[in-house]
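The values are calculated or read from the model by the stated rules, or taken from the named source; none is laboratory data. This structure is a prediction, so every number in the text was calculated from the model and none was measured. FYI the Cβ positions are ideal-geometry reconstructions off the backbone, even for glycines, and counts take in every protein chain you see.
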Amino acid sequence: MTSLADNPVAIRTRLLREVPPFRPVALQLLKLIGQPNVPLAQIVSLMRTDAVMTAEMLRLANSPLLDCRNEIKSVLHALAILGLNRVSALILTTAMRGLVDTRRSVLTHLCWRHSLTTALVCERLAEHFDLEKETAYTAGLIHDIGRLALLRTFPEYEEAMKLAEAEQRGLLETERQEFHLDHAEAGRWLLGQWGCPMELQNVAALHECPPAGPLRDAALIRLVHAGSQLADAIGMSPFPASPHPEPPEIAAAFPAAQALRVLAQFPQTAEQVITKVNQIELSLC
């Protein structure tokens, strides 16, 4: 598939060169929200440096996704009505959509929809893990960025994954064989190069195989792992022919009482999440 000249260093060099990083405003905002007591004026000043991203964020804020009663006309108004974490999640959504060119391939579009679905599922399930909804949403949105990066960098990636799926071979193993790294490692490395928060790097690195014991960000990683599996169960898998766990198996990772709630809410969750995914895509067209 890839050239024999491609080695691990060359692969990473190509990823960094060919995958456009998040726009500077999005990266700076991700760093700011991790700091305590960030002045709102600083956020507003930062957003004013990127009029296009501000306009995209306001369009999403006024979409049916949030169902605000009054039109949101400025960044300051958005911060007052929605809060810093929600505004940050909206900005990251527009940044991710700008990073992903869904016109490139069918698989790119499926991966984008899977990431959106995972983000919305994680947002709904965050309370079961004692996590903030916006943190859960951001982690779910970012978890498969390595796969999106590999798709953008290597035209042969889609063919390799489709062949592996058809032959029922492990996707992660195929990635490592063909591209010297899997999408989890690619995502962690790229986010690290861009200076993104460590919790997002950990999610990208470990969402396929969450740690069993206590570890930094373990709850967030387990949530994203479950959210990604539920996204597949909803029908938003980029690889529908691959075997996927059923909802009862996924819910077993939750405490017993919470597992019952997750299962009971699953049909309603699926319907609402699919509707929101479609609304987000329409708002960002």
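Farther than 30 Å from residue 52 by Cβ and out of contact with any strand residue (DSSP E or B) (no Cβ under 9 Å at 6 or more places or on another chain): does that describe residue 191? No: the conditions fail for residue 191.
Let me confirm something: among 52, 25, which residue is among the β-branched types (Val, Ile, Thr), at negative phi, surrounded by fewer than 12 Cβ atoms within 10 Å (Cβ to Cβ) and modelled with pLDDT under 85?
Numbers: 25 fails: surrounded by fewer than 12 Cβ atoms within 10 Å (Cβ to Cβ).
Just one listed residue meets the conditions, 52.
The requirement of being touching a helix residue (DSSP H, G or I) at 6+ places or on another chain (Cβ under 8 Å), closer than 30 Å to residue 43 by Cα and β-branched (Val, Ile, Thr) is fulfilled somewhere in the stretch 96-115, by at least one residue.
Taking residue 189 and the conditions (1) among the hydrophobic types (A, V, I, L, M, F, W, C); (2) modelled with pLDDT under 90; (3) part of a helix (DSSP H, G or I); (4) more than 19 Å from residue 132 (Cβ to Cβ), which numbered condition does it fall short on, given that it satisfies the others? Unmet for residue 189, out of (1) among the hydrophobic types (A, V, I, L, M, F, W, C); (2) modelled with pLDDT under 90; (3) part of a helix (DSSP H, G or I); (4) more than 19 Å from residue 132 (Cβ to Cβ): (2).
Within this structure, residue 261 passes the test of being among the basic types (Lys, Arg), closer than 22 Å to residue 272 by Cβ and surrounded by 14 or more Cβ atoms within 10 Å (Cβ to Cβ).
Filtering the stretch 55-85 down to residues that are among the β-branched types (Val, Ile, Thr) and buried (at least 17 other Cβ atoms within 10 Å of the Cβ), which residue is farthest from residue 27 (Cα to Cα)? Talk me through it step by step, then tell me what you get.
Step one: of the stretch 55-85, the residues among the β-branched types (Val, Ile, Thr) are 72, 75, 81.
Now drop any that are not buried (at least 17 other Cβ atoms within 10 Å of the Cβ), which leaves 72, 75.
Working: 72: 23, 75: 17 Å.
Here the answer is 72.
From 174, 135, grab the single residue that is within 14 Å of the chain's Cα centre (by Cα) and among the polar types (S, T, N, Q).
Details: 174 fails: within 14 Å of the chain's Cα centre (by Cα).
So the residue among 174, 135 that is within 14 Å of the chain's Cα centre (by Cα) and among the polar types (S, T, N, Q) is 135.
In the set (1) modelled with pLDDT of 90 or more; (2) within 30 Å of residue 62 (Cβ to Cβ); (3) in contact with a Leu (Cβ under 9 Å, 6 or more places away or on another chain); (4) among the small types (Gly, Ala, Ser), residue 235 fails one condition alone, (3). If you go through the stretch 63-78 and keep only what is on the phi < 0 side of the Ramachandran plot and either among the charged types (D, E, K, R) or modelled with pLDDT under 85 (or both), you end up with 63, 64, 65, 66, 68, 69, 70, 71, 73. Residue check: residue 266 meets all listed conditions (1) among the aromatic types (Phe, Trp, Tyr); (2) modelled with pLDDT under 85; (3) not in a loop (DSSP other than H, G, I, E, B) but one, namely (2).
Per-residue answers, yes or no, for (1) at negative phi; (2) assigned to a loop (DSSP other than H, G, I, E, B); (3) surrounded by fewer than 20 Cβ atoms within 10 Å (Cβ to Cβ):
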{"position": "87", "(1), (2), (3)": "yes, no, no"}
{"position": "109", "(1), (2), (3)": "yes, no, yes"}
{"position": "118", "(1), (2), (3)": "yes, no, no"}
{"position": "125", "(1), (2), (3)": "yes, no, no"}
{"position": "134", "(1), (2), (3)": "yes, no, no"}
{"position": "155", "(1), (2), (3)": "yes, yes, yes"}
{"position": "162", "(1), (2), (3)": "yes, no, yes"}
{"position": "168", "(1), (2), (3)": "no, yes, yes"}
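For the stretch 136-175, residues that are under 23 Å from residue 222 (Cα atoms) and basic (Lys, Arg) total 1. Candidates are the residues of the stretch 29-49 that are under 15 Å from residue 78 (Cα atoms) and in a loop (DSSP other than H, G, I, E, B); the one that is modelled with the highest pLDDT is 48. What's the number of the only condition in (1) surrounded by 19 or more Cβ atoms within 10 Å (Cβ to Cβ); (2) under 18 Å from the mean Cα position of the chain (by Cα); (3) modelled with pLDDT under 95 that residue 179 fails to meet? Result: residue 179 fails condition (2) only. Within the stretch 58-70, being under 20 Å from residue 281 (Cα atoms) and without any contact (Cβ under 8 Å) to a residue 12 or more places away in the chain holds for 62, 67.
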